[in-house]
Amino acid sequence: MIEFAQATKVYGKSDRAALDHLTLTVPDGCVFGFLGPNGAGKTTAISLLTGALMPTEGSVRVNGVDVTQEPVEVKRQIGYVPDGMQMYDRLTGNEYLNFIADIFDVSKADRQARAERYLALFDMTKAAGDRINSYSRGMKQKISVIAALIHEPKVWVLDEPMVGLDPRASFELKQLMREKADAGATVFFSTHVLEVAERLCDQVAIIRRGQLITQGTPEELRQRSGDESLEELFLELTDDSAAGEGEVGAK
Amino acid sequence: MKNYLILQRVLLKNDLMGLNPFAQSGEEKASAGKLVMRRIGVIVLLLFAAGSVCFLEYELYQLFREMGMREMALGLAVLVGSVGTLLFGLFQGISSLFEGKDAPLLAVLPVTSRQVYAARVTSFIVSQIGTTVVLVLPAFVLYMLDEAAPVGFAIRAILTILLLPLIPVAIISLLATLLMRVSAFSRHRDTIVMILSFGFAIAYALFVTRLNSSADNQVNTIATMLTKDGLLNKMLGFYPPAQWAVSGLRGDWLQLLLLAAVSLAAPVLVVLLLGGSYLSAALGSGERSTRRHSRQQALSWGGSGQLMSLHVLEWRETLRTPAWLYNGLAGVIMFPLMMGVGFYSGFSAASTREGENLIKMVQSLAQTPEYAGYVIVIIAAIAAMGSMVNPLVATAYSREGQNYPFALSLPVKPLTRVWAKLLVGLEINAVCALMITVVMAVIFGVPALLAACGFLLAQLVGFAISAISLVMDLRHPRLSWANETAAIKTNFNQVISMVLWVILMGLCVVPVVLLWERGGTAVLLSVCGVIALACAVSVVLLWRVGRKASAQN
């Protein structure tokens, strides 16, 4: 379970919070879509969740553990797929997976079994011996996804995970997200692909300018907005010209 | 021409922005008071660094002046300014020309390959002019103050500063471009570039030695060599442009004209020769060859603890990044190599009776028990140079670059990460110190026990400097850089680390000077005391990093 309680992040002397008193609970066994326009605060929220940043105010808890108090313990529970190709790309795919497995203290047998399964699933077995800097964008994304799963995390955090993936890999990833959630894990991901969010997510939240503007199941959101698609609702809620007018309950 | 100028302006602006010493991460978090203090600190450190160069050159100048050999100071400055670029600039050249992330962008713009190459070479020249200014200006100014016609000298000095880097840059650009072509499509490109670059540096050093020793045959005695022009000619003889520059500075306009003609022709020729195919080579350097069939042994699944795993990661990152490897190992290889070359030259010179006697005298002093303390301190001081020239520790966090946020998301205690990085630096320092100690022990016949003590003391200096530098980089990493060389060269933390080294050495010199007459043991103990204090400071800083782990990462 993920809990943001009044989580706020202000960068330096900025007069505006990048994340403004975000209160949000993501239950176990849920695929949670985190939506918002560019610069809305999605990556900031994910950075607070993964312990890369500390909140200026409020708290973030993962399975009851406070990120500020026990950052290492929280990180141990999270598998994180970052946006923007953040990885040690001078390593080979195998070296990278081994490195992540070492950091998360995964046994040899487990890491081998999981790596072989996921490498095969994403058609990366042959490429795993090559350096990551020789990979295409999609292949890097696949290795990043596999690395995040190598320790079977209780919480899986993905920042724009579909970017660069081919249709097959994208399909496999969505299946995996569903599978993990059904097995009791929490899957938290940000995306701009609203169709994916609508079909895949158990719950969706939309933020704008660091503030949560709505949350609920895709079905609930559609009902509240008079049967609009998620895309139409998103456009309406995040339209700056209509700021403050389009907020839809459930806050 | 228009496109070249536009491109040039953008590249120069980008390079200059990258040099801003105030642009360290964490500026946005600091309060106004802290920000002002930090900026004052940066300015003080910059002044200190500049002051150290000025002081060194002032002392050298005064020494040569007293010997009636002012021109030697000019000669030394010119040599350091030009040959230094030639010797140490190859990897910077490769990075500047081939490792920029903008090659794919430039390749689709309506500019010719030659224009891009010319703009790159010009940027490289400008960066080297900056380095030349820092290295030669103090000596030039001191010389000018003693000149009867200072205005004429000032004009010649400005021209010389602008011209000096051109030939080294042209040679480096030529070598770098050829090197990138040779290794273009090999899977082991980085290794090839690495080995050939070090090979070039070593070959160049040996070439210089050979010229020196052949010069020794002509200059039969040290007494003859120590005439004003004899020594100057010997020093500059192996690099004619340096000789032209010094003659030009001394008023020979024809020599200056010769320097200008060759200096301007060299880069133009290189651009004309190699510019046409530059972009394809630059794009090729971004390509990575892959195996058709992945090797089965690559699929072996090992396991180790967090510290070891992070430590191995640090080594892999370093070994697989030529710019970091070269900069990190430059001290390890080049410094002992230079000492070895000096030793070799010394023996060549020792064909004369004076040289032989000099070496014997130093050897007998090193083996006298009363001087044991002095010997240990001297060995430690020279062996600890490695911790000054090794930039990897002071930039360890900055070099994470865009991976830094991801690294923070890993469940690792900050102290574990610090130690993984620190160990790499300590290991490199140890190898460097060991090689220097061995070279010195062989040259001066130092007893093994004294050499070992000197080595250990150097390790403590290395630990103190490395730990403090690393904690500084942890607190203020500079994560945004254009290429791997820039990650090191434009990082102000590296300057701070070098200044720390100078300060620590300065603090050690004080008791040495005060207690010199009281004997070697007193000197050794006092130096050990200063180093112990520095180690204590570094341990406290590490302990504070460890304490933070429980509250905030």
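Which of the residues spanning the stretch B:120-136 are open to solvent by less than 20 Å² (accessible area, probe 1.4 Å) and within 18 Å of B:GLY75 (Cα to Cα)?
B:THR132, B:VAL136
Please work out which one of (1) touching a Pro at 6+ places or on another chain (Cβ under 8 Å); (2) without any contact (Cβ under 8 Å) to a residue 60 or more places away in the chain is the condition B:GLU400 fails and give its number.
Just one mismatch for B:GLU400, condition (2).
Sort through B:LEU307, B:LEU392, B:LEU365, B:LEU313 and tell me the only one that's surrounded by fewer than 18 Cβ atoms within 10 Å (Cβ to Cβ) and at pLDDT 85 or above.
B:LEU307
Output the helices (runs of 4 or more DSSP H) that fall wholly within the stretch A:60-134 and possess 2 or more residues being surrounded by fewer than 22 Cβ atoms within 10 Å (Cβ to Cβ) and more than 7 Å from chain B (Cβ to nearest Cβ), or say none.
A:71-77, A:108-121
Examine the stretch A:155-163 for a residue that is over 24 Å from B:PRO411 (Cα atoms) and surrounded by fewer than 22 Cβ atoms within 10 Å (Cβ to Cβ), and state whether such a residue exists.
The answer is yes, given that some residue of the stretch A:155-163 is over 24 Å from B:PRO411 (Cα atoms) and surrounded by fewer than 22 Cβ atoms within 10 Å (Cβ to Cβ).
Taking B:LEU423, is it under 22 Å from the mean Cα position of the chain (by Cα), outside the structural domain of B:VAL10 (by TED's automatic domain parsing) and either touching a residue at least 60 places away in the same chain (Cβ under 8 Å) or closer than 29 Å to B:VAL42 by Cα (or both)?
The answer is yes for B:LEU423.
Kindly indicate whether any position in the stretch B:417-424 is within 14 Å of chain A (Cβ to nearest Cβ), open to solvent by 30 Å² or more (accessible area, probe 1.4 Å) and under 30 Å from A:GLN77 (Cβ atoms).
No, that holds for no residue.
Conditions (1) open to solvent by less than 60 Å² (accessible area, probe 1.4 Å); (2) outside the structural domain of B:ALA118 (by TED's automatic domain parsing); (3) modelled with pLDDT of 85 or more; (4) touching a Ser or Thr at 6+ places or on another chain (Cβ under 9 Å), marked per residue:
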| position | (1), (2), (3), (4) |
| --- | --- |
| B:ILE222 | yes, no, no, yes |
| B:MET225 | yes, no, no, no |
| B:LYS228 | no, no, no, no |
| B:GLY237 | yes, no, no, no |
| B:GLY248 | yes, no, yes, yes |
| B:SER263 | yes, no, yes, no |
| B:VAL268 | no, no, yes, no |
| B:LEU272 | no, no, yes, no |
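Of these, A:LEU53, A:LEU48, A:LEU35, A:LEU22, which one is open to solvent by less than 10 Å² (accessible area, probe 1.4 Å) and within 12 Å of another protein chain (Cβ to nearest Cβ)? Outline the logic, then answer.
Numbers: A:LEU53 fails: open to solvent by less than 10 Å² (accessible area, probe 1.4 Å); A:LEU35 fails: within 12 Å of another protein chain (Cβ to nearest Cβ); A:LEU22 fails: within 12 Å of another protein chain (Cβ to nearest Cβ).
None of the other options fit; the residue is A:LEU48.
Is there any pair linking a residue in the stretch B:305-329 that is more than 10 Å from chain A (Cβ to nearest Cβ) and assigned to a helix (DSSP H, G or I) to one that is at pLDDT 90 or above and open to solvent by 20 Å² or more (accessible area, probe 1.4 Å), with Cβ under 6 Å and at least six apart or on different chains, and which?
B:HIS311/B:LEU423
Is it the case that some residue within the stretch A:37-58 is touching a Gly at 6+ places or on another chain (Cβ under 6 Å) and not basic (Lys, Arg)?
yes
Could you run through the stretch B:50-91 and say how many residues are assigned to a helix (DSSP H, G or I), of a type in the set (Gly, Ala, Ser) and either open to solvent by 30 Å² or more (accessible area, probe 1.4 Å) or over 24 Å from B:GLN494 (Cα atoms) (or both)? Working first, answer last.
Residues of the stretch B:50-91 assigned to a helix (DSSP H, G or I): B:50-66, B:70-88, B:90-91.
Add one more test, that the residue is of a type in the set (Gly, Ala, Ser), and what stays is B:50-52, B:73, B:75, B:77, B:81-82, B:84.
This time we only want the ones that are either open to solvent by 30 Å² or more (accessible area, probe 1.4 Å) or over 24 Å from B:GLN494 (Cα atoms) (or both), so: B:50-52, B:73, B:75.
The number of residues fulfilling the criteria is 5.
Going by the structure shown, is B:CYS528 assigned to a helix (DSSP H, G or I), in the same structural domain as B:TYR374 (by TED's automatic domain parsing) and surrounded by fewer than 21 Cβ atoms within 10 Å (Cβ to Cβ)?
Criteria met by B:CYS528.
Yes/no matrix, rows are residues, columns are (1) free of Cβ contacts under 8 Å to residues at least 60 places away in the same chain; (2) open to solvent by 50 Å² or more (accessible area, probe 1.4 Å):
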residue	(1), (2)
B:GLY454	no, no
B:ALA464	no, no
B:ASN491	no, no
B:PRO511	yes, no
B:ALA532	no, yes
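The values are calculated or read from the model by the stated rules, or taken from the named source; none is laboratory data. Quantities reported herein were computed from a predicted structural model and do not represent experimental measurements. A quick note on method: Cβ atoms are made from the backbone with ideal geometry, for glycine too, and the neighbour counts reach across all protein chains shown. We work out accessible area using only protein heavy atoms, side chains counted, and drop any ligands, DNA or RNA first. Shrake-Rupley method; radii C 1.70, N 1.55, O 1.52, S 1.80 Å.
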